[in-house]
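Below is one structure, written out as structure tokens; the observations come after it.
The values are calculated or read from the model by the stated rules, or taken from the named source; none is laboratory data. Only a predicted model underlies this, so the values are computations on that prediction, with no experimental measurement involved. Here Cβ is always computed from backbone atoms with ideal geometry, including for glycine, and neighbour counts include all displayed protein chains. Quick note on the areas: whole protein, heavy atoms, side chains included, nothing else; ligands and nucleic acids left out. Shrake-Rupley method; radii C 1.70, N 1.55, O 1.52, S 1.80 Å.
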Amino acid sequence: MRLFGELMNKVYAQYIIIIQARNGSSRLPHKMVRSFYKGKTILQILVERLLNNFDYPIWLATTDSAIDDKLVNTVDDYKIKVFRGSEENVFTRFSAILKKEPSKYCIRICGDNPFLYLGYLQKLINNSEGYDYTSFYDGSTPVIKTHYGIFGEIIRSQSFLEYEKGIIEPINKEHVTPFLYQSEDSYRINKIKLPEDLRGLDNLRLTVDTEEDFELAEKLYAKHSFNDGINYNIKSLFNEIRDDKMIQRKMNQQIQQNSK
């Protein structure tokens, strides 16, 4: 049974999910094809959870580099679509997908976030209508610029494709959405406050960019996951992190060394 039922499908029929992932990370190469939980990669876990809870079209946006051949192979058995494009220009990967599969909104997900929480993602969906950009915000900062690793963001597809007609700044070629959240005078931005569950977790880091991130995330996910990685107990996870000073120190160290 899908978590959000048939009603969701009737109300939200114009969304597309794009997972951004590649193997050529400078900090941790090949992280996307490493076994992470019960023999599955981070990407496979994300795809399974999304397929089991949403009926939207799902795309993997990766590169046309040979290093990502193996990455693409890991999702051969899943009912998702794959687009391969420029390694440097991530923006064009997204625009190409939006042209191939027109949609009203695009849900952007980073492939190195195994703890993506679908409850928070559903809240974004529920509050995205009429906005060019919808995201949780930590104060004045969109969470895509943080190290939390549990959120997605939503873009109005038309705004994305209209921006492409002009000059795409280098920062947007790499990071895709700054043209939206840095231009509040030009776009309708929906800033959703961080969930209360995150109170007191300023040093939370669940994104996977380094070997240290991977090893800690692997242990935490194995402890708090259930149902073969489709879901996980986020409150239990948060409570452990609050109570464990060693985990906090490890996360804070990685934040200091790898701040965005």
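A few points about this structure:
- Hits in segment 150-189 - residues which are more than 21 Å from Gly85 (Cα to Cα), touching a strand residue (DSSP E or B) at 6+ places or on another chain (Cβ under 8 Å) and in a loop (DSSP other than H, G, I, E, B): Phe151, Gly152, Tyr187, Arg188
- Segment 75-117, subset of a type in the set (A, V, I, L, M) and under 28 Å from Ala217 (Cα atoms), residue most open to solvent (accessible area, probe 1.4 Å): Val82
- Leu220 part of a helix (DSSP H, G or I), over 18 Å from the mean Cα position of the chain (by Cα), hydrophobic (A, V, I, L, M, F, W, C) and under 21 Å from Ile42 (Cα atoms): yes
- Single residue of segment 118-132 satisfying the filter (of a type in the set (Ser, Thr, Tyr) and within 16 Å of Lys104 (Cβ to Cβ)) that is least open to solvent (accessible area, probe 1.4 Å): Ser128
- Per the conditions (1) open to solvent by 30 Å² or more (accessible area, probe 1.4 Å); (2) at pLDDT below 95; (3) over 16 Å from Lys145 (Cα atoms); (4) in a helix (DSSP H, G or I), the sole criterion not satisfied by Gly200 is (4).
- Search result, residues across segment 33-50 that are among the aliphatic types (A, V, I, L, M) and either open to solvent by 50 Å² or more (accessible area, probe 1.4 Å) or closer than 25 Å to Gln122 by Cα (or both): Ile42, Leu43, Ile45, Leu46, Val47, Leu50
- Checked against the criteria, Asp209 does not count as charged (D, E, K, R), in a helix (DSSP H, G or I) and surrounded by 14 or more Cβ atoms within 10 Å (Cβ to Cβ).
- Of Ile241, Ile255, Ile167, all but one fail to be hydrophobic (A, V, I, L, M, F, W, C) and open to solvent by 60 Å² or more (accessible area, probe 1.4 Å); the exception is Ile167.
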